[in-house]
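Notes for the one structure printed next.
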Amino acid sequence: MSVERDMAAYYAQRAAYYERVYFKPERQTDLRTMEAWLPTQFAGRRVLEVACGTGWWTPHGARDALSWLATDLNPETMGVARSKVLPACVQFATVDAYGFQQIEGQSFDGAFAGCWWSHVPLARLPGWLALLHARLLPGSRVVVLDNSFVQTSNLPITRQDDEGNTYQMRTLDDGSAHEVLKNFPSREQALAMLGPRAHSPQWTAYGHYWVLSYLLN
Ligand SMILES: C[S@@+](CC[C@H](N)C(=O)[O-])C[C@H]1O[C@@H](n2cnc3c(N)ncnc32)[C@H](O)[C@@H]1O
């Protein structure tokens, strides 16, 4: 299996208890701040959410949006999201984040991806961002957020490959061990990936997360 398929399978198995990470006491202050800020980014926009998972961010991002298409590859994770009370503008679709052409007949002027960037192999990131941007109208707002390096204090990096990707060994509740690709970009590394259409980037480093918001020409 590829690292991407391994990662998808790992999150399918973890779906039922994935949200434990959002109840860690030390993350609560960052989470409340980010949740309060997220709606301001997407008010009145038609938004594509990439890899929505269990939908932790969905109610916040979608709160004031015009429309919000929450997508993920795994029915297991999206099943948790679907069971939540969500703003009326939210719809779901099973979509591979490396295959946005699957989405037909919709245009977007916003995109959001929570804790997805870190799982994209570095060599694929510019191409993945180009694929995402190709689905977005000029003037679109893009927000990505992810774990800061502090996360490695619980889950140490176990190896680095020739392309610079870092990996962690993670254990699920059934005792199975999974090697997961997880990168921790600096502001400079992240901005260098964005490509020619991106402008006005705003990078915020919280204790436990980083957030990047930018616009597209
Ligand atoms: C770290 S979780 C992030 C979930 C959610 N966005 C959050 O921030 O809590 C990664 C998500 O990526 C999904 N995923 C894995 N491979 C995918 C792919 N190729 N296309 C779309 N989603 C994928 C998994 O099912 C999982 O829900």
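Observations on the structure shown:
The rows are residues; the columns are (1) β-branched (Val, Ile, Thr); (2) open to solvent by 50 Å² or more (accessible area, probe 1.4 Å).
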| site | (1), (2) |
| --- | --- |
| Leu137 | no, yes |
| Ser140 | no, no |
| Val144 | yes, no |
| Val150 | yes, yes |
| Asp162 | no, yes |
| Asn165 | no, no |
| Met169 | no, yes |
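- Just one of the listed residues (Thr71, Thr158) is buried (at least 20 other Cβ atoms within 10 Å of the Cβ), assigned to a strand (DSSP E or B), free of Cβ contacts under 8 Å to residues at least 40 places away in the same chain and out of contact with any Leu (no Cβ under 6 Å at 6 or more places or on another chain), and it is Thr71.
- Count of residues meeting criterion [open to solvent by less than 20 Å² (accessible area, probe 1.4 Å), over 13 Å from the mean Cα position of the chain (by Cα) and of a type outside the set (A, V, I, L, M, F, W, C)] in region 36-68: 1
- Any hit, region 45-55, residues being outside any loop (DSSP other than H, G, I, E, B) and in contact with a helix residue (DSSP H, G or I) (Cβ under 6 Å, 6 or more places away or on another chain): no
The values are calculated or read from the model by the stated rules, or taken from the named source; none is laboratory data. Since the model is a prediction, treat every value here as computed from it, not as a measurement. Cβ sites come from the backbone with ideal geometry, for glycine too, and all protein chains shown count toward neighbours. When the accessible area is computed, the model is the full protein with side chains, heavy atoms only, and any ligands, DNA or RNA have been set aside. Shrake-Rupley method; radii C 1.70, N 1.55, O 1.52, S 1.80 Å.
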